[in-house]
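Structure, as C-alpha cells:
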Amino acid sequence: MNATVRTGFNADDLDDWAAILEAVAESDTEAAETDDVVSGNWPGEGRTAYLTFIAEDPYVVEVHDAPSTQISVRVPIDLKAQWLDGARDRLMTARRALGL
C-alpha cells in the first residue's frame, strides 16, 4: 500500500510529540512494574490527518485521515533498540529548522 496525506503541525504539536516520546521512555523504563500501554495522537486529533502511536510489543502506528477520506490504517512496527534517541534527535532538528 502507498498513500500520501497532507498534514500540518505547529510548535504546540512538537511539544505534544516530545511529551509522547517522554511517556514512551518512562513506560519502557517501568515496563516490568505496570501493564499500562502508552498511546498518543499526533498531531492532535480532529483538525487534520493524524497518527496514533501505541507503545505495545510490537509498537503500533495507526494513520487516520478522519477529516477527509475517513481511512485508517493500523501497522505494527519493529523499532530498533535506539529508535527513541533517534526520534528525539529528529525532533530537535525540526525545532532548530523552524527556529523554535
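The values are calculated or read from the model by the stated rules, or taken from the named source; none is laboratory data. Please read these numbers as outputs of a predicted model, since none were measured by experiment. Cβ sites come from the backbone with ideal geometry, for glycine too, and all protein chains shown count toward neighbours. All accessible areas refer to the heavy atoms of the entire protein, side chains included, with ligands and DNA or RNA removed. Shrake-Rupley method; radii C 1.70, N 1.55, O 1.52, S 1.80 Å.
Observations, loosely collected:
- Test: residue in segment 30-41 that is at pLDDT 90 or above and either open to solvent by less than 80 Å² (accessible area, probe 1.4 Å) or touching a strand residue (DSSP E or B) at 6+ places or on another chain (Cβ under 8 Å) (or both): no
- Residue list for segment 43-100, filter: modelled with pLDDT of 85 or more, basic (Lys, Arg) and within 21 Å of ARG6 (Cα to Cα): ARG74, ARG90, ARG95
- Residues (in contact with a Ser or Thr (Cβ under 8 Å, 6 or more places away or on another chain) and open to solvent by 60 Å² or more (accessible area, probe 1.4 Å)) located in segment 66-100: PRO67
- Odd one out for ILE54 among (1) out of contact with any Ser or Thr (no Cβ under 8 Å at 6 or more places or on another chain); (2) surrounded by 11 or more Cβ atoms within 10 Å (Cβ to Cβ); (3) β-branched (Val, Ile, Thr): (1)
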